[in-house]
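Undergrad: Provided herewith is a single structure, encoded as structure tokens, for subsequent inquiry.
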Amino acid sequence: MSTSGKQMPLQGVRVIELGGLIAGPYAASLFAQFGADVIKVEAPGDGDPLRTWRKLHNGTSLWWYSISRNKKSVTLNLKTEQGRRIVRALVEKADVVIENFRPGVLEEWGLGWDELSRINPGLVLVRISGYGQNGPYRDRPGFAAIAEAVGGLRYVTGYPDRAPVRVGISLGDTLAALYAVIGALIALHHRNVNGGKGQVVDAALYEAVFAVMESLMPESSRLGFVRERSGASLPGISPSNTYTCGDGSYVVIGGNSDGIFKRLMHAVGRPDLAEDPALTHNDGRAQNNESIDAAISEWTSRHSLDEVVSALERVDVPVGKIYTAADIHGDPHYRARGMIEAAVLPDGESIDVPGIVPRLSETPGRTAWIGPPLGAHAGDVLAGLGFDAGALEALRKERVI
């Protein structure tokens with residue numbers, strides 16, 4: 001973890017994080033990694049459910065330590081008026097509020113946009129939900145798995161003779177978080193540079209998924225074409241697939257530009273395909289993808305993974321093994337790029353967390369501390385609002401914090 005005193009690019013930006021689990025917290029984590037003062041508001045008692053998700057160390061999620069790095073944890077019972085008053089006080093000095101409750105919850109608590117913007121006209125309110133803040137589906141609960149299905153991703157993922165599958169992470173949440181942060185930064189730029197007001201950033205999980213579905217909609221709209229599942233290949237782009245090697249391992253090969261295709265075909269011993277005029281461009285290769293894949297598979301099946309990778313790297317063909325977590329951990333390129341950061345858990349044990357993305361040459365992000373204990377910063381944050389030790393004790397007795 002870095003303790004450098006160099007100024008951070010988002011230093012001076014204050015973010016209040018409400019809600020829990022993945023999308024909102026991931027969005028706030030990106031602000032925190034680049035120097036924003038992120039105050040995470042959690043419910044007293046158990047806090048964010050993410051604290052106990054997946055693999056635990058001494059009762060705390062290892063994921064928590066990564067996604068909550070550089071955040072300050074404050075406990076507030078938002079079901080109490082005193083808790084809501086404290087939120088309003090925090091909002092007065094905030095630049096961004098990030099929430100991912102179901103639409104309408106903040107309004108029920110008197111913390112909706114009308115109220116918050118009255119308190120702070122320059123505020124940017126980031127609202128992340130399954131289906132957005134309006135429309136016929138707004139009140140439906142939304143998780144990443146559902147968003148990936150409704151957004152079109154699930155239908156095209158897997159093999160055509162089997163049920164659609166999901167990727168092994170909550171991709172809908174993280175995509176929505178990325179769009180939410182982009183929207184917040186755009187809104188801050190408009191406020192700070194163009195003299196604009198604060199505004200709402202409405203990020204829906206299903207829309208974030210839909211937005212990355214490439215040509216899915218224009219092809220359907222203009223041609224009536226519905227893309228189907230295609231296994232490990234990339235439909236309409238040839239060749240790009242996963243192939244089995246002679247040692248039983250798998251390799252991903254992308255030979256889908258015209259020049260790369262020729263080099264690939266020569267490498268696999270098929271100069272006839274390299275020089276076939278019908279295969280010069282992608283449209284012709286896409287029509288003959290099955291025979292091209294067969295030629296590549298015949299070659300990879302006679303060689304080990306290392307032999308395949310070495311042979312194709314020598315001729316500048318994109319190729320790679322399919323990494324496990326252990327492969328990533330031991331990879332020298334990840335290490336050279338600083339993509340694996342060493343940290344220390346509260347009991348002194350070591351942990352590695354992902355490096356910070358993107359890399360900035362002059363003002364890179366950094367990890368100042370890993371995810372904090374529940375309510376660890378309540379004293380400092382509330383003292384900044386004028387609460388003394390006696391007032392804090394009273395709030396604890398009233399179960400407000």
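The values are calculated or read from the model by the stated rules, or taken from the named source; none is laboratory data. Keep in mind the model is a prediction, meaning the values are calculated, not measured. In this analysis, Cβ positions are derived from the backbone assuming ideal geometry, glycine residues included, and neighbour counts consider all displayed protein chains. For the accessible areas, the whole protein counts, side chains as well, though only heavy atoms, and no ligand, DNA or RNA atoms are used. Shrake-Rupley method; radii C 1.70, N 1.55, O 1.52, S 1.80 Å.
Undergrad: Select, from Ala311, Ala389, Ala376, the only residue that is out of contact with any Lys or Arg (no Cβ under 7 Å at 6 or more places or on another chain) and open to solvent by 70 Å² or more (accessible area, probe 1.4 Å).
TA: Ala389
Undergrad: Just to be sure I understand, how many residues within the stretch 172-227 are part of a helix (DSSP H, G or I), open to solvent by 40 Å² or more (accessible area, probe 1.4 Å) and more than 16 Å from Tyr26 (Cα to Cα)? If you could, list the steps in order and put the result at the bottom.
TA: Keep residues of the stretch 172-227 that are part of a helix (DSSP H, G or I), which gives 172-193, 205-211, 216-223.
Remaining after also requiring open to solvent by 40 Å² or more (accessible area, probe 1.4 Å): 178-179, 182, 185-186, 189-193, 206-207, 210-211, 217-223.
Now restrict to residues that are more than 16 Å from Tyr26 (Cα to Cα): 186, 189-193, 206-207, 210-211, 217-223.
Within the stretch 172-227, residues that are part of a helix (DSSP H, G or I), open to solvent by 40 Å² or more (accessible area, probe 1.4 Å) and more than 16 Å from Tyr26 (Cα to Cα) number 17.
Undergrad: Can you tell me how many residues within the stretch 218-229 are closer than 21 Å to Glu148 by Cβ and either small (Gly, Ala, Ser) or in contact (Cβ under 8 Å) with a residue 40 or more places away in the chain (or both)?
TA: Count: 4.
Undergrad: Let me ask you something else. Could you grab me the full set of residues in the stretch 276-290 that are in contact with a helix residue (DSSP H, G or I) (Cβ under 9 Å, 6 or more places away or on another chain) and under 18 Å from Gly254 (Cβ atoms)?
TA: Keep residues of the stretch 276-290 that are in contact with a helix residue (DSSP H, G or I) (Cβ under 9 Å, 6 or more places away or on another chain), which gives 276-282, 284-285, 287-288.
Leu279, Thr280, His281, Asn282, Gly284, Arg285, Asn288, listed by residue number.
Undergrad: When you scan the stretch 234-248, how many residues do you find that are open to solvent by 30 Å² or more (accessible area, probe 1.4 Å), among the polar types (S, T, N, Q) and touching a helix residue (DSSP H, G or I) at 6+ places or on another chain (Cβ under 9 Å)?
TA: The first filter runs over the stretch 234-248 and keeps only residues open to solvent by 30 Å² or more (accessible area, probe 1.4 Å), leaving 234-237, 242, 244, 246-248.
Then keep just the ones that are among the polar types (S, T, N, Q); that gives 242, 244.
From the residues that got through so far, the ones that are touching a helix residue (DSSP H, G or I) at 6+ places or on another chain (Cβ under 9 Å) too are 244.
Here the count works out to 1.
Undergrad: Now, a different point. Tell me the residue from Ser249, Ser230, Ser240 that is within 20 Å of Asp283 (Cβ to Cβ) and touching a Leu at 6+ places or on another chain (Cβ under 9 Å), please. Full working, then the answer.
TA: Working: Ser249 fails: within 20 Å of Asp283 (Cβ to Cβ); Ser230 fails: touching a Leu at 6+ places or on another chain (Cβ under 9 Å).
Of the residues listed, the single one that is within 20 Å of Asp283 (Cβ to Cβ) and touching a Leu at 6+ places or on another chain (Cβ under 9 Å) is Ser240.
Undergrad: Looking only at helices (runs of 4 or more DSSP H) that lie completely in the stretch 1-119, which have at least 3 residues being charged (D, E, K, R) and open to solvent by 60 Å² or more (accessible area, probe 1.4 Å)? Reasoning before the result, please.
TA: On the way: elements: 23-33, 62-67, 81-92, 105-108, 113-119.
In the stretch 1-119, 81-92 are the helices (runs of 4 or more DSSP H) which contain 3 or more residues that are charged (D, E, K, R) and open to solvent by 60 Å² or more (accessible area, probe 1.4 Å).
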